[in-house]
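Right, one structure below, let's go through it.
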Amino acid sequence: MNATGEPRPVLKSPGHSGRRRDAFVSLCSGLPGGPTAVVAALLVLMPVVLPSRTMATEILIFAMATLACNLLLGYGGLLSFGQAIFFGSGAYLSSLVMMHGGFGLLPALLTAAVAGAILAALVGALAIRRTGIYFVMMTLAFNQTAYFIAYTLSDWTGGDNGLLDVPRPPLTLFGVTLADLSDATAYYVFTAVLFFLIFIAVRKVIASPFGSTLIAVRENEARAGALGYDTRNFKITAFALSGAVTAPAGALYAMLLNFAPLENIQLSMSENIVIMTVIGGTGSLLGSLLGAGSWVIISDILAEIWPRWLILTGGALILIVLYLPGGLWGGVESLMRRFRGGGTPHAPDGIPNNDGSTAQPME
Amino acid sequence: MLYLFQVLNGLGLGMIYFLISAGLTIIFGLLNFVNFAHGAFFMLGGYLCWSLTELTGSFWISLLAGPPVVALLAWAAEVTLIRRIYRLPHTFHILVTVGIALILQETTIMIWGPIGKSIPVPDGLQGIVTLWNFAYPTYRLFLIAFTALIGFALWYLLERTRFGGLVRAGSESTEMVALLGTNIHRLFARTFALGVGLAGLAGILSAPIRGIHPFMGPEVLGVAFVVVVIGGMGSFTGALLGGLLVGLVQSLMSTIWPEGASLMIYGTMAAVILLRPYGLFGRA
Amino acid sequence: MNDRHILTTENLSLSYGGFRAVDKVNLRVKRRTVHSVIGPNGAGKTSLFHCLTGGRRPTGGRILFKGEEITDRPAHARAASGMARSFQITSLFQNLTVRENLRLASQGRDGNGALVFWRSVNARKEHVEFADSIMERLGMVRKAAVAAGDLSHGHQRLLEVGMALCGKPELLLLDEPTAGMGVNDIPMMTDLIADLGKEYSVMLIEHNMGIVMAVSDTITVMSRGGVLVEGKPEEVRADPRVREAYLGEVA
């Protein structure tokens, strides 16, 4: 590397000096009312347009997990193949405290959130002892660890059979029952409200000093350190927040299915969450909803016709990485920009690099 | 005696892990490329072994023909797709190879079905060898000897041949090798094929012991990552010692706490990371 | 303890295997002066700089900053104690705007205080204001909304120094601030550094002799890891050993 503008080593990955002007994408600033209004509108529309309330609920649950993954990948540049640890643990823990501890709905979700945050901070603290690919490999290895733990503790988790008869208690607050959620519509409304609150919260987090610094750490970790930031603390906090959102998503999923399968904590679940994030678009929160939505809808349609539809997902992932690194949402935005003509620069887009820079393919 | 049995098992298993990790690490060393499809190619090796053995009736033919087929597939993937993404950050490598792994896994299910298969121990290696009063399965003994031979051949290839010299020089400086007039594209494609071929070979060798199923890829990938996190990426010796360590831990644990044997592999990794963040042989 | 010196090193050494990149270097940087370190290629300037910023752990000797030992402190802790650095290879947040770069640099003073995720960035007005004041000083107000990666090289170098200033440091460590700059941009940087020397303590590592002679109060010449000569610019210029060291490089 040098500062004199000589060509960089041809076959090594681009470092900090790569120019990525195209990486500026407006965060849907062109939309009326901004992203929050768009999400609100979508939450109302989804149950009307989609074939079932259950499907709409499933989309929102995975969108929560994707949102949390996006916080790590899109804003922190941390590619985690360990998200299923938090998703699965959230499912198991909330189910167990409901089944054996007599916990109600909100306390169970809160337990999942707190446990998810602690677990994620632990996993994050260990994994970020190494950077770059080692970091990614370790998140994957930790996911395997969690899987084997869940498999071994079959007395609690049900092992291969999964945890059966997970309840879906009514929504109560201070002993007052507010709503019975056994009906699919009621459960959708509850999930939608929760999703909306989480969406707003994550937006706030990104616009906070923490969020802006997290982006800085992703962009250039060495510089962030030189400016006085202990970058490890920012990464660990990002993990904790991610876990605090992912685990309740797992809990909601178990209540939706009345069942907590072992798959929830498998590596393939982590992969799915990452794929939804990338396909939807990293670094944009609406992209997460789009990613989760298209995944659930496509899997629902294709699973009937062609059980091996995951081949398409693999292909889609490759194509997106090569040709549309901003994901589907990035594609939508560039279309909108073409119609409207420009937007204001906001958060950068594109799949971030582990060594702390965003990059776009050569094409 | 039980422990000797398990130590030998651990050696065999460890050598399998070594082959997988060595492939991963050779590719990373020269190409600076992270192959998350490595486990899927291992699985493919196992399935090719099954099909070729069914087809020809001989394990030996599959052992001979299987790795080249896997390597050829890897070569094709390199030439058509992977070559185009070397320049991109590691995150892109990971996502693209995760995509490849998914495609391989689902294609395997499409061709061979979702249920696992077992492969008979090859002719001539069935039964046991008895030394004094210690009995040990012949195939497992063969496995240790054969993988040791492959390991030696690999060492010879990397350290004593022109190809190996180029791979090692290229790991230090790709431009230097290019300046020396080597066709760097060809070198990269061959190295990728070699590394992935090793995973295929490992898949074939372990098939008669552990059977095959379409979801074994991620499992193997996880173990390979533990080995390279312990031993250090890009290090041949690290892959060997890391592989043996993991193999021995897993094998010895399986007598003490069978359900937790796999778990212990990851426990070992966590311990190494806590005590020596850069691995047993790694430097900052 | 001598209060006139903001930074001192005692027998600072850094070896790679058997090679002594930095060999028992004793430096004393006076407050509110520009102290430059020069030397031919391979003299150990960059290794010395790494030791000072916390990029490398010295293999021997001590570093004292404001009288406190900081030899083993990590980079972010040095920044927190009032030391700021620029990078030889431009190291900016390429995709973020000039203003955001400077705001982040200013916010760096909060250290872990920046972990608050429940408040808005706008709650900390002082950082935006400070960033704007630095932007003015750099003469880059018009570039506020431009992505750092889109700036000209000269402006990137300026921003690089500006980010270091945002930490309100007592000591500025500048690593070849003119590296790769065009001839036309250099006076802009020279003026800035000379100006900074009145307010801050500046330690400058530089290749360009013209700049060093123009802005420095003290010059340390390094050769083969050690200190060859130290003195005022005119003394250094006249010293035959310096000439020899540089000529040796050419021959």
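Laboratory data are not the source of any read-out in this text; all were calculated from the coordinates shown. Since we're looking at a predicted model, the values are computed, not measured. As a convention, Cβ positions derive from the backbone with ideal geometry for all residues, glycine included, and neighbour counts pool all protein chains shown.
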What the 20 Å binned alpha carbon P(r) of region A:21-340 shows, as percent of pairs per bin from 0, is 33, 60, 7
Normalised Cα Rg of region B:130-220, dividing by 2.2 N^0.38 Å with N its residue count, works out at 1.48
In whole angstrom, the spacing between the Cα centers of region A:126-187 and region B:22-36 equals 34 Å
Counting only residues 5 or more apart in sequence or on a different chain, those whose built amide H sits under 5 Å from that of C:Val229 are C:Val221
Rounded to the nearest whole number, the per residue volume of the convex hull around the C-alpha atoms of region C:175-251 in Å³ is 104 Å³
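Just the number: Rg to Rh for the protein assembly as shown, Cα atoms, Kirkwood Rh, two decimals.
Result for the protein assembly as shown is an Rg/Rh of 1.00.
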So the angle from the long Cα axis of helix C:153-166 to the longest Cα principal axis of chain C, reported in degrees to the nearest 10, equals 80 degrees
Sorting A:Leu109, B:Leu73, B:Ala189 by the position of each Cα along the dipole of the protein assembly as shown (Lys, Arg +1; Asp, Glu -1; all at Cβ), the one nearest the positive end of that ordering is B:Ala189
Measuring from its Cα centre, chain B shows a charge dipole (+1 at each Lys and Arg Cβ, -1 at each Asp and Glu Cβ) which, in debye to the nearest 20, is 520 debye
Debye calc, one equal point scatterer per Cα of chain C, no solvent, log10 I(q)/I(0) at q = 0.11, 0.12, 0.13 1/Å comes to -0.59, -0.70, -0.82
By Cβ neighbour count within 10 Å, fewest first, A:Trp156, C:Trp118 rank C:Trp118, A:Trp156
Within the protein assembly as shown, the percent of DSSP beta bridges that are antiparallel, given to the nearest 5, stands at 65 percent
Scoring region B:2-275 by relative contact order with C-alpha pairs under 8 Å, at least six apart, yields a percentage of 42 percent
Cross-link reach from C:Lys24 to lysines, straight Cα distance under 23 Å and at least 8 residues apart if same chain, gives C:Lys45, C:Lys66, C:Lys232
Going residue by residue through region B:211-225, the Karplus relation 6.51 cos²θ - 1.76 cosθ + 1.60 with θ = phi - 60° gives ³J(HN,Hα) values, rounded to whole Hz and with x marking Gly or Pro, of x, 9, 8, x, 9, 7, x, x, 4, 5, 4, x, 5, 4, 5
Scaled by the rule-of-thumb 2.2 N^0.38 Å, the alpha carbon Rg for region B:27-73 gives a ratio of 1.34
Taking every alpha carbon pair in region B:8-138 and sorting the distances into 5 angstrom bins from 0 up to the bin holding the longest one, the percent per bin comes out as 2, 9, 14, 19, 18, 14, 10, 6, 4, 2, 1, 0
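Could you state the orientation-averaged shadow area of the convex hull built on the Cα atoms of region A:256-340, in nm² to one decimal?
Working: hull surface 27.5 nm².
The directionally averaged projection comes out at 6.9 nm².
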Net charge near B:Val79 (other residues with Cβ under 13 Å of its Cβ; Lys, Arg +1; Asp, Glu -1) is +3
Share of Cα-Cα pairs in region C:93-166 beyond 16 Å, whole percent, is 44 percent
Measuring from its Cα centre, region C:88-206 shows a charge dipole (+1 at each Lys and Arg Cβ, -1 at each Asp and Glu Cβ) which, in debye to the nearest 20, is 480 debye
Taking every other residue with Cβ under 11 Å from the Cβ of B:Thr53 and scoring Lys and Arg +1, Asp and Glu -1, one gets -1
Kirkwood Rh over alpha-carbon pairs of region B:164-284 plugged into Stokes-Einstein at 4 °C, 1.567 mPa s gives a D in µm²/s of 79 µm²/s
What the Cα atoms of region B:2-275 span along the principal axes, largest first and in whole Å, is 60, 47, 34
Expected sort for A:297-305, C:34-42 on mean C-beta neighbours within 10 Å, highest first, is C:34-42, A:297-305
Given unit charges at Cβ for Lys, Arg (+) and Asp, Glu (-), the dipole magnitude of the protein assembly as shown about its Cα centre in debye, nearest 20, is 1440 debye
Residues B:Trp50, A:Trp309 in order from fewest to most other beta-carbon atoms within 10 Å are A:Trp309, B:Trp50
